[in-house]
Amino acid sequence: MMHSDRGDRGDRFEAPTYEKIKAKDTDLDYKNVELLKKCVGTQGQMFSRRRTGLSAQRQRLLKNAIKRARHMGLLSFVD
């Protein structure tokens with residue numbers, strides 16, 4: 001017996017699309033607060049590589065820049 005009352009759930013799901021971060025290595029600096037704010041969510045968590053679109057090396061640079069900006073008081077820990 002077919003489960004026709006469930007419907008086809010596969011057609012309704014659409015994966016979310018995020019704006020990728022377009023930055024040079026020199027842009028990933030703790031002083032570039034506007035760029036860092038785009039990489040941090042409202043709860044203060046850094047976005048994943050899938051969401052930022054950065055390589056592993058550049059994601060580490062971003063992590064260190066966010067940490068430095070937070071400790072210098074340029075970026076808040078939580079919004």
(request) Within segment 63-79, count every residue that is at pLDDT 95 or above and either assigned to a helix (DSSP H, G or I) or exposed (fewer than 12 other Cβ atoms within 10 Å of the Cβ) (or both). (result) 11
(request) Provide a single number: the residues in segment 53-62 that are surrounded by 12 or more Cβ atoms within 10 Å (Cβ to Cβ) and either under 17 Å from Tyr30 (Cα atoms) or of a type in the set (Lys, Arg) (or both). (result) 6
(request) Could you please find all residues in segment 2-50 being on the phi > 0 side of the Ramachandran plot and at pLDDT below 90? (result) Gly7
(message) Looking only at segment 21-62, count every residue that is under 23 Å from Gly73 (Cβ atoms), in a helix (DSSP H, G or I) and not aliphatic (A, V, I, L, M) and tell me the total.
(response) 6
(request) Filter segment 23-65 for residues that are free of Cβ contacts under 8 Å to residues at least 40 places away in the same chain and of a type in the set (Phe, Trp, Tyr) and give the result. (result) Phe47
(message) With the structure loaded, tell me whether Thr42 is loosely packed, with under 13 Cβ neighbours inside 10 Å and among the hydroxyl-bearing types (Ser, Thr, Tyr) or whether it fails that test.
(response) yes
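The values are calculated or read from the model by the stated rules, or taken from the named source; none is laboratory data. Since the structure is predicted, the reported quantities are computational estimates derived from the model, not experimental observations. FYI the Cβ positions are ideal-geometry reconstructions off the backbone, even for glycines, and counts take in every protein chain you see.
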